[in-house]
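Before any comments, here is the structure.
Each reported figure results from applying straightforward, stated rules to the coordinates on display, with no laboratory input. Keep in mind that what you see is a predicted model, and the values were worked out from it rather than measured. Note that we place each Cβ from the backbone using ideal geometry, even for glycine, and neighbour counts take in every protein chain shown.
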Protein chains: 2
Amino acid sequence: MDKIGIGLLGYGTVGSGVGKLLKKNAEDIRLATGRRVELRRVLELPGFSSPELDPALVTHDVEDVFGDPDIQVVIELIGGTGAARDFQLRALRAGKHVVTANKQLLGQHGAELLETAEQNGVHLRFEASAVGAVPIIKVLRESLVAAEVSTIFGIVNGTTNYMLSAMSQTGAEYADVLADAQRLGYAEADPTDDVTGKDAAAKMAIMSSIAFHSRVTLGGVAHEGIERITAVDIAHGRRLGLVCKLLGVARLIDGAMNVRVYPAFLPAAHPLAGVSGAYNAVFLESEAFDKIMLYGPGAGSVPTASAVIGDVISVVNTAAGSFTKNCLCYKDLPFFPSADVVSRFYLRLHVVDRPGVLARVAAVFGEQDVSIRSMVQEGGGDAAELVFLLHPAREARFFAALERLSGLDEVQGEPSVVRVEE
Amino acid sequence: MDKIGIGLLGYGTVGSGVGKLLKKNAEDIRLATGRRVELRRVLELPGFSSPELDPALVTHDVEDVFGDPDIQVVIELIGGTGAARDFQLRALRAGKHVVTANKQLLGQHGAELLETAEQNGVHLRFEASAVGAVPIIKVLRESLVAAEVSTIFGIVNGTTNYMLSAMSQTGAEYADVLADAQRLGYAEADPTDDVTGKDAAAKMAIMSSIAFHSRVTLGGVAHEGIERITAVDIAHGRRLGLVCKLLGVARLIDGAMNVRVYPAFLPAAHPLAGVSGAYNAVFLESEAFDKIMLYGPGAGSVPTASAVIGDVISVVNTAAGSFTKNCLCYKDLPFFPSADVVSRFYLRLHVVDRPGVLARVAAVFGEQDVSIRSMVQEGGGDAAELVFLLHPAREARFFAALERLSGLDEVQGEPSVVRVEE
């Protein structure tokens, strides 16, 4: 029976989960693949030490991994775009298959890595970089490769989904919920990548590259975060039957790609509105199958480790050369400018409460051909709050109107803007 | 560039969909797989004729397919367990890979077919036999093969889901909704397989065989249908915050398998309660990833054809010999008897309205250690209706109580029984 040797780079939360699952499920993996999959080397980073790890496996020199002819698969779980990139490239050039959960690296340097894999006739697999345990990459790459997916639409970041769910349930403000999430381990000490939408953007870059067969890098994904979502807006949304979610949205419009991340209101009856806590869910749309949705835990060490193991099995099961296409980026679709996308908006304005204000605001919308679906005025005394739901409009027109509105004497402070999806 | 020749057996709704998708997506498939996938022969059944089909492709002799050395993949879309079984066996023995959507054949003769595939070193793929366009077989076979799935729980029949959704929305009775569904093409002229749960049972047999790595045949799946669900029960359910769905449920209990299909009430907030119309949705549970859900159209010619194409690509991409395990049934888990499963029940009884009736009914439950969670009495005059929600109990005890209740003088007609899932 063939042996498949594994080299593991990094032994943090996910890495140790992978080590344990490989051991615990060794017999299942052997029976399923006909091969004995065996951890042969673990690269520990300087300053780390894992007492539960067999010392014979541990090395601090990455060449012990690349130079071992019995290691066929390298699992990179160091993270970041520095050493991880260097290690992946060297592993691929040494003829090793690479499995990784590193979404920022894939989102930024995917092209280079995938081409290197291609040139060396090995696989680069990255299921765990997308939606945790949910095998969306495999489904897109293999089951739906000829299905002409036209839309990816979903919740692809667990931290912000946990935070928005908590804001919605408790009425608490962003800063308080973030502090809670950090205390409970749902948000990192530096939450920037999550709350700004950068983490979601990297995932959308990876998924849309595969779905649209065209290269989308992190730089091609405009992302807005949840930092400016307030308890007041969430409460207004609820009154309107809407729930706020951070969405990743990738669409083919007139044969061009628009890939973005933004907070949006969804109708409370929308299936994504019910996805709460650290769960993720992604809709795929295509003429061929209408809608498919995949739902599951978006992160967590065991689900992520489970996705890594799935990739290892996929590599073991796929003979070299039989499925050499790693990226499938054989098209080169253009991007569709966000300014030309037609969207619906929620807009909340603070205004001085005096006669004629609403007429002036309405006139600005009128000039830009943005029409108002509903308006609620709240408050009294000197200041009032106007809450608008607008009919679909080209984003360029909406933002032109918004700029004009911000310049009016009657409008005070920062307007709140949230897209509305149906 | 290698060519892959396809032989298509049957050119009905799904077959013609496959023919069209192969043509339309030829270039995408070539770019994704590096092979030219080409329809070489179509077996038309006697009495059928498809004017839009190139006459050069048509044959009425299946040997033209099996004898063509340039056909590597045979797609069987005839259905049924007669000629289809014979054709699949012959194709496999002729060294052709087989792709099929035939769930009844797989559910009944899966073992024979998979072993024949194994012996001949070819693939047997059957994604379209499970949940239509939703690639659950691929996810179970490949991504989750070492994830120890412990539960499959879902809506796996579109016809009954459409009917129960309609009953719930309109308050109509079963027979009327069935007639409508037949008129609209959602139910077949002979709806037996769907409404009795047999179709769902075949799918559960296929999915649980793969998830539990043990052979489950149609005969091993107890199935109850929706024929006895009434508008009254659905209305009572709604009042109790419950929605009725036909569920496929496969569980590992103490290392043994219990696989069944039955109508059940779900809380209105349960994600499956919101799956309506002809859609399917399946939850997979495992310690490794908690819960994953897959959702999509359960039937329809284009989604089914799309799943068939996914399988063809999977076969093309997987080198012969590199992934020879077709079934993965390397365990031989025992079955867990349904009588020992602990379930919750909804029970509606017609009783004569006289003093002491409830006490007698309650005494019967008490004898069997079945405890009552809530009871509502309705009606008046001579007859009343008692609607019970019961606490979890071993099914053997519940059904013993039910038999005793049916024998009471005070109980009239047939009791309505629906399981309740949380």
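Simple point charges give the picture: +1 on the Cβ of Lys and Arg, -1 on the Cβ of Asp and Glu, and for the protein assembly as shown a dipole about the Cα centre of about 740 debye.
The H on the amide N of B:VAL74, modeled in the peptide plane, is under 5 Å from the matching H of B:GLY7, B:HIS97, B:VAL98, B:VAL99, each at least 5 residues off or on a different chain. Mean per-residue shielding of peptide B:294-301 is 4, counting Cβ atoms of other chains within 10 Å of each Cβ. Peptide A:145-151 has a mean of 6 when you count, residue by residue, the C-beta atoms of other protein chains within 10 Å of its C-beta. For chain B, the relative contact order comes to 16 percent (Cα pairs under 8 Å, sequence separation of at least 6).
Sorting the segments B:225-232, B:128-135 by their mean number of nearby beta carbons within 10 angstrom, highest to lowest, gives B:128-135, B:225-232. Peptide A:28-40 has a mean shielding of 3, counted as Cβ atoms of other protein chains within 10 Å of each residue's Cβ. Computed from Cα positions, the angle between helix B:198-212 and the longest principal axis of chain B comes to roughly 70 degrees.
Using alpha-carbon pairs under 8 Å, 6+ residues apart, how would you state the relative contact order of segment A:78-169 in percent? Reported as a whole number, the value is 23 percent. Length available on full extension from A:GLU367 to A:ASP64: 0.36 nm per residue minus the Cα-Cα distance, which gives 102.3 nm.
Mind scanning A:LYS103/B:LYS291; A:LYS291/A:LYS331; A:LYS3/A:LYS96 and naming the pairs with a C-alpha gap bigger than 18 Å? Check vs 18 Å cut-off fails for A:LYS103/B:LYS291; A:LYS291/A:LYS331. With the charge dipole of segment B:137-297 set up from +1 on Lys and Arg Cβ and -1 on Asp and Glu Cβ about the Cα centre, the Cα lying farthest toward the positive end among the listed residues B:MET204, B:LEU246, B:ALA269 is that of B:ALA269.
For helix A:174-184, what angle does its Cα long axis make with the longest principal axis of chain A, in degrees from 0 to 90 and rounded to 10? That helix lies at roughly 20 degrees to the long axis.
Listed peptides A:44-57, A:26-39, B:154-167 appear in the order B:154-167, A:26-39, A:44-57 once ranked by packing, highest mean of other Cβ atoms within 10 Å at the front. Comparing A:THR159, A:VAL195, A:SER16 along the charge dipole axis of the protein assembly as shown, the residue lying farthest to the positive side is A:SER16, per the Cβ-charge model. Packing around the peptides A:411-421, A:13-23, A:197-207, taken as the average count of other Cβ atoms within 10 Å per residue, puts them in this order, highest first: A:197-207, A:13-23, A:411-421. Against the longest principal axis of chain A, how steep is helix A:13-24, in degrees 0 to 90 to the nearest 10, with axes from Cα atoms? The answer is roughly 50 degrees. The antiparallel fraction among DSSP beta bridges confined to segment A:162-261 stands at about 75%.
When only alpha carbons are used to place a centre, segment B:138-167 and segment B:251-298 end up 6 Å from one another. For chain B, the 222 nm mean residue ellipticity estimated from helices alone, with every DSSP H stretch of n ≥ 4 adding -39500 (n - 2.57) and the total spread over all residues, rounds to -10500 deg cm²/dmol.
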